2 protein chains.
Amino acid sequence: MATMTPRTLSGFMELLPPAQQQLERIMEILRTTYSCYGFTPLDTPAIEASEVLLAKGGGDTEKQIYRFTKGDTDLSLRFDLTVPLAKYVALHYNDLVFPFRRYQIGKVYRGERAQRGRFREFYQADIDIIGDGKLSVLNEAEVPAIIYQVFSKLGLSRFQIRVNNRKILNGFYAMLGLTQQSGDIMRTVDKLDKIGTEKVAGLLTGELGLTMEQADEILKFIAITGTNQEVLTALEGYRGRHELFDLGLTELSTVAGYLGDFGVPEENFAVDLTIARGLDYYTGTVYETTLLDHPEIGSVCSGGRYDNLAEYYTNKQLPGVGISIGLTRLFYVLGEQNLLNPALPTAPADVLILPMTEDLSPAIALATELRNTGLRTQIQWEEKKFKQKMSYADKLSIPYLILLGEDEISAGVVACKDMNAGTQEKLSPADAIAHIQAGLAKLNEGSVILG
Amino acid sequence: MATMTPRTLSGFMELLPPAQQQLERIMEILRTTYSCYGFTPLDTPAIEASEVLLAKGGGDTEKQIYRFTKGDTDLSLRFDLTVPLAKYVALHYNDLVFPFRRYQIGKVYRGERAQRGRFREFYQADIDIIGDGKLSVLNEAEVPAIIYQVFSKLGLSRFQIRVNNRKILNGFYAMLGLTQQSGDIMRTVDKLDKIGTEKVAGLLTGELGLTMEQADEILKFIAITGTNQEVLTALEGYRGRHELFDLGLTELSTVAGYLGDFGVPEENFAVDLTIARGLDYYTGTVYETTLLDHPEIGSVCSGGRYDNLAEYYTNKQLPGVGISIGLTRLFYVLGEQNLLNPALPTAPADVLILPMTEDLSPAIALATELRNTGLRTQIQWEEKKFKQKMSYADKLSIPYLILLGEDEISAGVVACKDMNAGTQEKLSPADAIAHIQAGLAKLNEGSVILG
């Protein structure tokens with residue numbers, strides 16, 4: 001009767017249950033952490049009218065967009081969560097209270113060329129703070145705290161939040177009279193790691209037509225490194241030469257200055273003048289986050305400050321600051337690198353009850369009792385051999401087994417087996433519940449990601 | 001600069017933050033309850049290859065499907081969560097352990113004619129238990145317990161889980177020699193409430209060509225009502241006349257018999273011989289759930305037992321039992337009926353800190369302390385007048401406000417204002433945290449739905 005070989009489209013992540021449980025844990029940590037900073041959850045449609053979604057023009061992403069018609073409506077699947085946010089804020093402006101803080105964890109779609117680790121359907125986990133007319137730089141100062149909390153709670157310690165300010169970069173290039181070329185210069189300077197100082201200097205004075213002095217100034221500026229305080233001190237040496245630069249430096253100092261109060265350790269934060277973020281709309285602080293032991297992954301959480309979220313939908317000025325985690329890709333890479341903690345329970349249940357009597361009433365009543373305390377409970381009532389029933393618990397890594405036979409029932413106890421320890425004891429139901437809950441608390445102690 | 005009037009497509013639910021918070025609460029209750037019964041979360045792609053998704057043929061839904069091509073791939077958006085489950089189980093058969101229990105809460109897409117309360121993108125919240133080759137009827141007996149828990153935890157008490165068994169219906173029609181016509185008969189009998197006994201009898205003997213005796217037997221059978229025990233006793237009167245009927249009656253008795261052990265009160269459960277469920281693939285117990293004070297809503301949770309989940313994808317026999325909640329529609333209707341509890345907090349934060357000093361360090365450090373205890377905290381640091389800052393907390397219904405000025409800082413206290421009570425007291429940070437947590441516990445006491 002089977003007529004079709006089942007398959008899942010390439011570029012679409014579909015996890016087996018244990019991996020899905022791990023992803024759910026990560027999502028739960030994101031939701032809880034974002035909530036702790038006063039962000040409200042949002043859920044916008046995956047489909048939007050094409051003319052609305054593409055009002056700005058999709059740029060490079062335009063040909064990746066899933067676009068189609070239904071009836072006579074031209075529809076597109078969202079390719080990020082930022083454009084739908086812009087639409088949402090413009091559309092519901094009168095019903096929102098500003099600054100508006102929202103988080104959204106949702107699937108977005110990009111028909112990229114399929115390749116390993118690239119996904120066409122993937123989760124983004126975004127937060128944004130949107131102001132009405134203006135928005136304090138303190139919001140930019142708070143963002144590193146949120147990034148720090150997220151990755152710490154996931155279990156990481158060896159990561160770095162790298163921060164820069166677009167006003168510093170733009171102000172610096174304006175000082176040199178290079179405002180027009182700043183985009184080209186940043187793209188060239190970005191190749192520093194790959195092609196070296198000499199070749200970059202050659203490109204700057206060659207292709208881009210800069211003077212030797214200008215090229216020297218740029219390379220000297222980009223070479224500013226050290227502790228946060230050292231970098232900020234070096235930057236103070238440029239103060240007074242350009243207003244935009246000075247403003248950017250003050251902002252960056254504010255962001256760096258409150259880190260301690262926000263609970264961000266110095267070692268997880270770095271002022272880094274090479275961070276620019278490709279997108280044109282960033283106008284203030286910009287963020288990238290790298291795993292120190294896995295630089296090859298690139299930034300796992302990026303974003304920045306922008307001045308005009310929804311210019312295509314409204315004449316209101318809506319500045320904001322936001323960050324995005326490419327969750328599906330991050331999860332994939334963590335799995336590839338064996339960084340997902342295998343010790344955390346991924347079983348569908350905490351307890352499996354094995355009834356050893358014909359009448360299932362006692363087993364069912366016990367399951368009801370366990371569930372009422374929040375224990376995730378299954379009853380194995382299929383007609384199978386005892387060995388197969390044990391193997392079911394084993395294959396699923398269910399940590400506790402309860403055997404319930406005539407003897408136990410008449411004695412008012414249960415035989416509770418710890419599948420990890422291999423031990424078994426007869427306990428009253430209440431004691432078994434306490435025993436299992438204590439054991440689960442221990443099993444759940446570890447973090448999702450191996451730091 | 002605005003070039004486009006923002007809009008959201010009709011038939012697509014997009015909620016304002018307070019309503020979204022309510023929906024999130026409901027989803028959280030569903031996740032927790034399903035987990036308690038040993039179901040593992042699953043997340044399959046929203047897009048599938050059309051030939052895979054439509055292997056069975058879409059039937060009535062086929063023209064509602066969002067189908068399109070990308071490159072040369074023919075794609076469709078899923079229109080339910082059952083077909084993707086069938087694909088998943090067939091595809092990953094060797095990696096799954098059976099019985100396989102999964103829940104999935106996900107968006108599905110149907111391009112229905114837009115009308116009030118009908119959605120083109122909507123959440124379904126499904127559970128299914130899939131057996132490999134066979135599956136005990138006890139799983140069918142457990143389903144009413146899950147439905148009961150879900151709706152009880154949501155806050156409802158006046159609801160009824162109505163249960164029937166397709167084997168009883170099919171066996172009964174077979175007794176009368178009416179197996180061929182059983183589908184037509186059930187559709188006709190379904191009109192009983194609308195057109196009355198006499199007209200139904202007329203249709204049965206007229207259009208369908210039944211004898212008077214057959215029509216009488218059917219009407220007598222359908223008229224069997226009473227307590228669960230009364231209905232079961234009446235059905236016992238038919239035992240011995242047809243094997244399939246007898247099997248169905250035994251199954252129904254098993255389902256009804258374990259209710260008490262599963263913690264389902266008698267008044268929330270009814271054996272109802274008029275329940276058939278339209279879908280052909282149900283072969284055993286079928287379920288519908290109605291809100292007793294809102295029968296016009298129809299069934300809010302339906303499903304049943306089927307014998308062959310994935311016949312289009314595999315030759316393996318995969319029987320199962322499942323139920324589905326049309327979450328988006330349910331949420332919409334609850335809102336329309338004013339059944340969503342307005343007393344539950346929907347604010348983005350539990351506490352808003354109002355710094356009254358130039359230096360924000362003490363306020364930020366306090367926020368960090370509050371967040372570390374899990375309190376959802378915002379700091380109001382925008383350059384606004386005091387009155388506007390108060391109005392921000394007010395408009396968002398943030399329940400607690402903390403004022404932090406020079407006096408408080410030097411005295412090591414905070415001024416904590418209960419926005420609902422209108423009271424304000426100076427407390428140590430630790431006492432403020434305990435005070436707020438106690439207050440929040442009270443605020444969160446109510447249920448999401450007004451029972």
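Descriptive notes on the structure:
- Single match in A:Gly183, A:Gly206 (criterion: at pLDDT below 95, closer than 29 Å to A:Leu138 by Cα and exposed (fewer than 15 other Cβ atoms within 10 Å of the Cβ)): A:Gly183
- Among residues of region A:288-314 that are within 14 Å of chain B (Cβ to nearest Cβ) and free of Cβ contacts under 8 Å to residues at least 40 places away in the same chain, those with a Cβ under 8 angstrom from a residue that is assigned to a loop (DSSP other than H, G, I, E, B) and surrounded by fewer than 23 Cβ atoms within 10 Å (Cβ to Cβ), sequence gap 6+ or separate chain, pair up as A:Asp307/A:Tyr281; A:Asp307/A:Gln317; A:Asp307/A:Pro319; A:Asn308/A:Tyr281; A:Asn308/A:Gln317; A:Asn308/A:Pro319; A:Glu311/B:Met1; A:Glu311/B:Ala2.
- With respect to (1) more than 9 Å from chain A (Cβ to nearest Cβ); (2) touching a residue at least 60 places away in the same chain (Cβ under 8 Å); (3) touching a Ser or Thr at 6+ places or on another chain (Cβ under 6 Å), the lone exception for B:Ala90 is condition (1).
- Scope region A:298-314; condition crowded, with 21+ Cβ neighbours inside 10 Å and under 20 Å from A:Gly451 (Cβ atoms); matching residues: A:Val300, A:Cys301
To keep it simple, each residue is scored yes or no on (1) of a type in the set (A, V, I, L, M, F, W, C); (2) in a helix (DSSP H, G or I); (3) within 30 Å of B:Asn341 (Cα to Cα).
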site: B:Ser152; (1), (2), (3): no, yes, yes
site: B:Leu156; (1), (2), (3): yes, no, yes
site: B:Val163; (1), (2), (3): yes, no, yes
site: B:Tyr173; (1), (2), (3): no, yes, no
site: B:Asp184; (1), (2), (3): no, yes, no
site: B:Thr188; (1), (2), (3): no, yes, no
site: B:Gly226; (1), (2), (3): no, no, no
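- Checking A:Thr33, A:Thr40 one by one, the residue that is under 12 Å from the mean Cα position of the chain (by Cα), of a type in the set (S, T, N, Q) and in the same structural domain as A:Gly111 (by TED's automatic domain parsing) is A:Thr33 and no other.
- Residue among B:Arg78, B:Arg110 that is touching a strand residue (DSSP E or B) at 6+ places or on another chain (Cβ under 6 Å) and more than 9 Å from chain A (Cβ to nearest Cβ): B:Arg78
- Restricted to region A:417-451, and to residues there that are assigned to a strand (DSSP E or B) and either among the acidic types (Asp, Glu) or over 35 Å from the mean Cα position of the chain (by Cα) (or both), the residue that is surrounded by the fewest Cβ atoms within 10 Å (Cβ to Cβ) is A:Thr423.
- Of residues in region A:5-19 being surrounded by fewer than 18 Cβ atoms within 10 Å (Cβ to Cβ) and at the interface with another protein chain (Cβ under 7 Å from one of its Cβ atoms), the one farthest from A:Leu334 (Cα to Cα): A:Arg7
- Test: residue in region B:397-409 that is touching a residue at least 24 places away in the same chain (Cβ under 8 Å), touching a Ser or Thr at 6+ places or on another chain (Cβ under 9 Å) and closer than 29 Å to B:Leu154 by Cα: yes
Listed here are the residues, each with its yes/no results for (1) buried (at least 17 other Cβ atoms within 10 Å of the Cβ); (2) within 29 Å of A:Glu230 (Cβ to Cβ); (3) within 18 Å of the chain's Cα centre (by Cα); (4) among the aromatic types (Phe, Trp, Tyr).
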site	(1), (2), (3), (4)
A:Phe245	yes, yes, no, yes
A:Gly263	yes, yes, no, no
A:Glu266	no, yes, no, no
A:Arg277	yes, yes, yes, no
A:Tyr281	no, no, no, yes
A:Glu288	yes, yes, yes, no
A:Lys316	no, no, no, no
A:Thr328	yes, no, yes, no
A:Pro345	yes, no, no, no
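- Single unsatisfied condition, B:Pro362 versus (1) surrounded by 15 or more Cβ atoms within 10 Å (Cβ to Cβ); (2) free of Cβ contacts under 8 Å to residues at least 24 places away in the same chain: (2)
- Hits in region B:113-150 (condition: more than 21 Å from B:Tyr93 (Cβ to Cβ), within 11 Å of chain A (Cβ to nearest Cβ) and part of a strand (DSSP E or B)): B:Glu121, B:Phe122, B:Tyr123
- When A:Glu236 is tested against (1) touching a Leu at 6+ places or on another chain (Cβ under 9 Å); (2) in contact (Cβ under 8 Å) with a residue 40 or more places away in the chain, only condition (2) is not met.
- Test: residue in region B:186-197 that is within 30 Å of B:Gly257 (Cα to Cα) and buried (at least 23 other Cβ atoms within 10 Å of the Cβ): no
- Taking the conditions (1) under 18 Å from the mean Cα position of the chain (by Cα); (2) facing chain A (nearest Cβ under 7 Å) in turn, B:Glu48 satisfies each one other than (1).
- Qualifying residue in region A:364-377 (condition: touching a Leu at 6+ places or on another chain (Cβ under 7 Å), modelled with pLDDT of 95 or more and not assigned by TED's automatic domain parsing to the domain that holds A:Ser253): yes
- Candidates B:Leu396, B:Leu404: the one that is touching a helix residue (DSSP H, G or I) at 6+ places or on another chain (Cβ under 7 Å) and of a type in the set (A, V, I, L, M, F, W, C) is B:Leu404.
The values are calculated or read from the model by the stated rules, or taken from the named source; none is laboratory data. Computed from a prediction, not measured in an experiment: that's the story for all the values here. Reconstructed Cβ throughout: ideal geometry from the backbone, glycine too, with neighbour counts over all protein chains shown.
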